[in-house]
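> Structure incoming, see below.
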Amino acid sequence: MTATVTAARSFSRSFDSLEEIFAFTSEFFGQHGVDRDLLPTVDLVLEELFTNMVKYSPHGAPSIRLEMAPAPDGVEVSLTDYDVDLFDVTEAPDADINLPIEARKPGKLGLHLVRRLVDSLQYEYSIERRQSRTTFRKTGARRTA
């Protein structure tokens, strides 16, 4: 995945930033002619990834950077988090959705869902900079139910 970034903005490491993030994605979709049918999925994936960054890295840098670029038939989105530990969202185990509800442990369902909603998901980490970058692509080529 290597779409050229056409919009970027940093958001405070706070759950309260979600409303601003959704306004940013909506504006981006409108300005760049991205299929608005993809917006709810992109926002849901962003909400899951961003809230995980806020929840599990509360002492990271004060802001998280969001970058977006149009991609063929969709959009590519990256979240960059600073001063954080390694946590590869692509290698985290899936939730076992076949277990009875009383046998399940809380957690992991969000990432399980994210992996099924996007066309691709990548994770990069710089040990030297303690910086993570999660990138996903969502297109209309693969419809989700």
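> Limited to the stretch 94-145, what total is found for residues that are at pLDDT 95 or above, among the acidic types (D, E) and not in a loop (DSSP other than H, G, I, E, B)?
1
> Could you list all residues from the stretch 31-77 that are touching a residue at least 60 places away in the same chain (Cβ under 8 Å) and within 17 Å of R116 (Cα to Cα)?
D37, L38, T41, V42, L44, V45, E48, L49, G74, V75, E76, V77 - these are the residues of the stretch 31-77 that are touching a residue at least 60 places away in the same chain (Cβ under 8 Å) and within 17 Å of R116 (Cα to Cα).
> Continuing with this model, one more query. Six or more apart or on different chains, Cβ atoms under 9 Å: show the pairs whose first residue is in the stretch 113-130 and at positive phi and whose second is not hydrophobic (A, V, I, L, M, F, W, C).
Matching pairs, first to second residue: R130/G60; R130/Y82; R130/D83; R130/D85.
> What pairs can you find where one residue is in the stretch 8-25 and exposed (fewer than 13 other Cβ atoms within 10 Å of the Cβ), the other is of a type outside the set (A, V, I, L, M), and their Cβ atoms are less than 8 Å apart, with a gap of 6+ or different chains?
Taking only residues 6 or more apart or on different chains, the pairs are S12/P62; S12/S63; F15/T51.
The values are calculated or read from the model by the stated rules, or taken from the named source; none is laboratory data. It should be emphasised that the depicted structure is a prediction, and the values quoted were computed from it without experimental measurement. With ideal geometry, Cβ positions are generated from the backbone for all residues, glycine too; neighbour counts draw on all protein chains shown.
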